[in-house]
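A short reminder: the numbers here are calculations on the coordinates, not readings from a lab. Remember, predicted model here, so these are calculated numbers, not experimental data. Don't worry about glycine lacking a Cβ; one is built from the backbone with ideal geometry, like all the others, and counts go over all protein chains shown.
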Amino acid sequence: MIPETKTLAGRFPGDFVFGVATAAFQIEGATKTDGRKPSIWDAFSNMPGRVYGRHNGDIACDHYNRLEDDLDLIQSLGVAAYRFSIAWPRIVPEGTGPVNEKGLDFYDRLVDGLKARGIKAFATLYHWDLPLMLAGDGGWTARQTAYAFQRYARTVIARLGDRLDAVATFNEPWCSVWLSHLYGIHAPGERNMDAALHALHFTNLAHGLGVSAIRAERPDLPVGLVLNAHSIYPGSDDAGDRAAADRAFDFHNGVFFGPVFKGEYPERFLSALGHRMPEIEPGDMETISQPLDWWGLNYYTPMRVADDPAEGSDFPATVPAPPAGDLRTDIGWEVHAPALGDLVRKLNADYTLPDCYITENGACYNMGVENGVVDDQPRLDYIADHLGVTADLISEGYPMRGYFAWSLMDNFEWAEGYRMRFGIVHVDYERQVRTVKKSGHWYAALAGQFPKGNHREG
Ligand code: IFM
């Protein structure tokens, strides 16, 4: 039973931030405009067999050319905050070298446009669009990429930092490390554990160097990191499967949370794979583990694992276990809202964590426009259920400060191209027409209750 928006709103404090999220490559298009140069995703999506239908980001939602209208759309949803990412290849098109003022101008307009509409700006510096030129030097498998990121971060914050409300260094390093270098699904499409282990440490290092760069420019700007932490369950109660789930936790979560929040890689992970990692230089772990002001959790679906019976498989030596129920979104992901609560409780038990924003949550359902309406009730149910869990966490005392629906609008869903839709606003890509879905209207009604102080009285 989905609660009325007012009843649900009453479960959140008045300063809870409701927002919507996007990422540069997924919506902007205009990939060759105003000095932008290619990213690894431009190259990857133009290679046969990598992205569904060989879709690419050339036009996407044409957001670069429709900025003002899209900002009006965000405002019409009544949300308090907008989470977006900045495209490194617009700012430093070759990764290192000249800064492109026109790229900075675009984000200036974006941030000013948000301010003019009274919307908070949550920027992410890296949402996977690495300048292609850096791939020639090894991309994330090369230590110097971390220093290139540090300079890019400083450049952005020097220009925009005075008007940002929060900044994250990275979005979902799990994806840009494991999914991109070990599982081969995302750019650059590597399937190599040694490459992935290098990308892991240099991404963590880049995060830390980025934090230093941001603080050097704007000591008061709240800095965070966005992690798609995995809510991991053993496939059975067997000791073997339970141990597999523990190893999976180290591999999928611990290798990011450990360095950042404890200054160390998980022990089990190090003893299995440490000898294949790049050199961890003196000072690296201190750089990586600087205290953060907040962290972002992107949550969609649980991960279920069993012990891998094959001899000699790489750590964490797990295989997928079947979902617990039948409920799936159109992309095939199991729907299980309690896993969000279990995850936040477990992470807070294992690490000392700062304030948390749910920086992404949402669901893929591909229904289209019929008679001017998009009836996406399952997405509405999904968001409402996950917000219910978030409210439970707040009542248990966890510092959950905000929630961003993924996504503002349908967009380029990476290896799935445009066929998978996560928006609360429908996009007709041919005509570039936006239609607010049923879930979007519902979310607007909910967000419209904020900020109003204590809802319990209203
Ligand atoms: O579209 C992505 C987003 O870029 C990162 N988090 C998950 C979303 C859905 O797959």
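Here are some notes:
- Looking at region 371-448, the GluC sites (Glu not before Pro) that sit in a DSSP loop and have at most 10 other Cβ atoms within 10 Å of their own Cβ are GLU430.
- Principal axis extents of the C-alpha atoms in region 182-334 (largest first, rounded to whole Å): 49, 36, 31.
- Point-charge dipole on Cβ atoms (K/R +1, D/E -1) for the chain, about Cα centre, debye to 20: 960 debye
- Antiparallel bridges, percent of DSSP beta bridges restricted to the chain (to nearest 5): 20 percent
- Of the cross-linked pairs LYS6/LYS120; LYS6/LYS438; LYS115/LYS346; LYS37/LYS120; LYS6/LYS437; LYS120/LYS438, those separated by over 26 Å at the C-alpha level are LYS115/LYS346; LYS37/LYS120.
- In the chain, the calculated helix contribution to ellipticity at 222 nm averages -10500 deg cm²/dmol per residue, counting -39,500 (n - 2.57) for every DSSP H run with n ≥ 4.
- As a length-normalised measure over Cα pairs under 8 Å and 6 or more apart, the relative contact order of the chain settles at 20 percent.
- Cα lying deepest toward the dipole's positive end in region 185-244, options ALA244, ILE232, MET193, charges on Cβ: MET193
- Mean Kyte hydropathy of 0.0 or more with a Cα span along the axis of at least 24 Å, helices from DSSP in the chain: 193-217, 377-395
- Calculated on the alpha-carbon coordinates, the convex hull of region 217-307 measures out at 115 cubic angstrom per residue.
- For VAL369, the amide hydrogen comes within under 5 Å of no other amide hydrogen, counting only partners 5 or more places away or on other chains and with H modelled in the peptide plane.
- Convex hull volume per residue in cubic angstrom - Cα atoms of region 125-249: 115 Å³
- The charge dipole of region 152-309, taken about the Cα centre with unit charges on the Cβ atoms of Lys, Arg (+1) and Asp, Glu (-1), comes to about 440 debye, rounded to the nearest 20.
- Report note on the peptides 418-427, 329-338, 190-199: ranked by the mean count of other C-beta atoms within 10 Å, highest first, their order is 418-427, 190-199, 329-338.
- Rounded, prolate or oblate (a/c below 1.5 giving rounded, otherwise prolate when a/b exceeds b/c) for region 22-107 by Cα gyration tensor: oblate
- The share of alpha-carbon pairs in the chain lying farther apart than 44 Å comes to 6%.
- Order by protection proxy (mean Cβ within 10 Å, highest first), peptides 319-328, 89-98: 89-98, 319-328
- Note on region 189-234: Kirkwood radius taken over Cα pairs, Stokes-Einstein applied at 25 °C and 0.890 mPa s, translational D equal to 188 µm² s⁻¹.
- Region 65-165 - convex hull of alpha carbons, volume per residue in Å³: 94 Å³
- Taking a ≥ b ≥ c as the square roots of the eigenvalues of the Cα gyration tensor, an a/c ratio of 1.5 or more together with a/b larger than b/c marks region 303-342 as prolate.
- Here the calculated FRET efficiency for LEU67 and LYS6, from their Cβ-Cβ distance with R0 = 45 Å, stands at 0.85, rounded to the nearest 0.05.
- Label sites at ASP330 and GLU281, each approximated as a point 7 angstrom past Cα along Cα to Cβ, lie 4.8 nm apart.
- Distance between region 90-168 and region 196-249 - C-alpha centres, whole angstrom: 21 Å
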